[in-house]
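In what follows, a structure is listed as structure tokens, so that the remarks can point back to it.
The values are calculated or read from the model by the stated rules, or taken from the named source; none is laboratory data. No experiment lies behind these values; they were computed from the predicted model shown. Virtual Cβ from ideal backbone geometry, glycine too; neighbours counted across all protein chains shown. To get the accessible areas, we keep the full protein, side chains included, count just its heavy atoms, and leave off ligands, DNA and RNA. Shrake-Rupley method; radii C 1.70, N 1.55, O 1.52, S 1.80 Å.
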Amino acid sequence: MPYRILVTDGIDAEGVTVLAAEPELAVDEVPTLPSDELLARIGVYDALVSRSATRISPELLRAAPRLAVVGRAGVGVDNIDVDLATKLGIAVINAPAGNTTAVAELFFGAVLSLLRHIPRADQSVREGRWEKSAFLGSELKGRTLGVVGLGRIGGEIAVRAHAFGMTVVGYDPYVGDARLHALRVRRAAMLDDLLGEATVLTVHTAPVSYTHLTLPTILRV
């Protein structure tokens, strides 16, 4: 009897194909389900693969007596009750490097779009105007990038920032000096020190609140 796997949240088709190619696996792919619908059907599955849209709650885990593995197609596991899953003997697996390059590239795409006013310039041209002097923008070169969290994604962004001629300052009390040296990142002793110096800021940490901090004007163009 094949192991039954439920795949939800729009997992990339290539990944689903890999699973479906295994003769011992029976794969059901569905869109993101309301919690009550997922709860009603989870009991027959041996594994669940999802992204961030589906909350793997205590109720869901307790309703799945056959469940052996929960796979998160992404970096975090914040939508999964990991403690209860562990108690129930359910393995929780994520993909910590799966979207590292994509996120790092997207960050620079967004920053360049803002600095160069690309969205507004695009709209202007599409409306038949040529306002070249209004969209001069400014450069990344010479700016200071503040990186909070020097894990995989933060590190990839730091590496690419040097190619733009940026100075990179990082805050991560859990990362050793050797890694910062390898990334050519100057350590900020305190988070407030980094915030006071950065003109571009990127945060790559687990969800926490920074509302107690006085943030600088980021992306000073």
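Worth a mention:
- Which listed residue, of L84, L88, L19, is at pLDDT 95 or above and open to solvent by less than 60 Å² (accessible area, probe 1.4 Å): L84
- Residues of the range 173-201 satisfying the condition of being crowded, with 18+ Cβ neighbours inside 10 Å, touching a Phe, Trp or Tyr at 6+ places or on another chain (Cβ under 6 Å) and in a helix (DSSP H, G or I): L194
- D177 vs. criteria over 23 Å from the mean Cα position of the chain (by Cα), of a type in the set (D, E) and at pLDDT 90 or above: yes
- Output for the range 74-99, where each listed residue is more than 18 Å from S35 (Cβ to Cβ), outside any loop (DSSP other than H, G, I, E, B) and of a type in the set (G, A, S): A91
- Filter result for E37 (under 22 Å from A85 (Cα atoms) and either touching a Lys or Arg at 6+ places or on another chain (Cβ under 9 Å) or open to solvent by 90 Å² or more (accessible area, probe 1.4 Å) (or both)): yes
- Selection from the range 146-168 of residues that are surrounded by fewer than 19 Cβ atoms within 10 Å (Cβ to Cβ) and over 18 Å from T100 (Cα atoms): F164, G165, T167
- Output for the range 46-69, where each listed residue is assigned to a loop (DSSP other than H, G, I, E, B), among the aliphatic types (A, V, I, L, M) and touching a Ser or Thr at 6+ places or on another chain (Cβ under 8 Å): A53
- Across the range 111-145, the number of residues qualifying as surrounded by 12 or more Cβ atoms within 10 Å (Cβ to Cβ), within 20 Å of T199 (Cα to Cα) and not charged (D, E, K, R) comes to 13.
- Residues satisfying the stated conditions in the range 45-80, i.e. of a type in the set (D, E), open to solvent by 50 Å² or more (accessible area, probe 1.4 Å) and at pLDDT 95 or above: E59
- Residues within the range 140-159 that are in contact with a helix residue (DSSP H, G or I) (Cβ under 8 Å, 6 or more places away or on another chain) and in a helix (DSSP H, G or I), tallied: 7
- Number of the exception - E14 against (1) modelled with pLDDT under 95; (2) surrounded by 12 or more Cβ atoms within 10 Å (Cβ to Cβ): (2)
- Within the range 1-19, residues that are at negative phi have Cβ atoms under 7 Å from residues that are among the basic types (K, R) in these pairs: I11/R51, counting only partners at least 6 apart in sequence or on another chain.
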